[in-house]
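**Student:** Let me begin by handing over the structure; questions about it come next.
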Amino acid sequence: MIPEGVESVTDYLDVLKRYVLGQYIIHHETIPERAAQFANDLSHLPAAVPQILQATGIDKLYTHQAEGIEHVLAGRNVVIATPTASGKTMVYNIPVLTTLLHNRDATPSIFFPSKRWSRINLMNSTPS
């Protein structure tokens, strides 16, 4: 059950800031929409990346995808916050595929919370 009055993402963020994450949030900003930006040069990524893209019929990556993939392959933690259908999944799938192409014995483990899990946490952290 979503708390009363939570009808939008902004409302949800307000509840999180007020009751759950307030002490941890240093800065919050809504960034205006802008035109898509594509990565024109993928030469800094492993050769397998363009091959994976070609095999899946993807012509090019968004800049957030190319930068995210580069960071994941370098072993860094990455958080990608973009709208639905903007290619966030590619940021972890391409490094997994790249690794598997070079090491057939590798075993990927991918964990992410479900919507139900996040709703349960919100309900348990919001005063009644």
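Derivation of every value follows stated rules applied to the coordinates shown; laboratory data play no part. Computed from a predicted structure; not experimentally measured. Positions of Cβ are generated from backbone atoms using ideal geometry, with glycine treated the same way; all protein chains shown enter the neighbour counts.
**Student:** To make sure I understand, if each residue's beta carbon is the centre and we count other beta carbons within 10 Å, what order do Phe111, Phe38 fall in, fewest to most? Could you put the intermediate results ahead of the total?
**Tutor:** Numbers: Phe111 4, Phe38 11.
The most exposed by this proxy come first: Phe111, Phe38.
**Student:** Can you tell me what percent of all Cα-Cα pairs in the stretch 35-111 are more than 17 Å apart? Don't skip to the end; give the middle numbers.
**Tutor:** Values: 1237 of 2926 pairs.
Pairs farther apart than 17 Å: 42 percent.
**Student:** Could I have the simple spin-label model distance between His27 and Ala106, label points 7 Å from Cα toward Cβ, reported in nm to one decimal?
**Tutor:** That separation, rounded to one decimal, is 3.2 nm.
**Student:** Could you tell me the extents of the stretch 1-54's C-alpha atoms along the three principal axes, largest first, rounded to whole Å?
**Tutor:** Projected onto the principal axes, the Cα atoms of the stretch 1-54 cover 49, 25, 23 Å.
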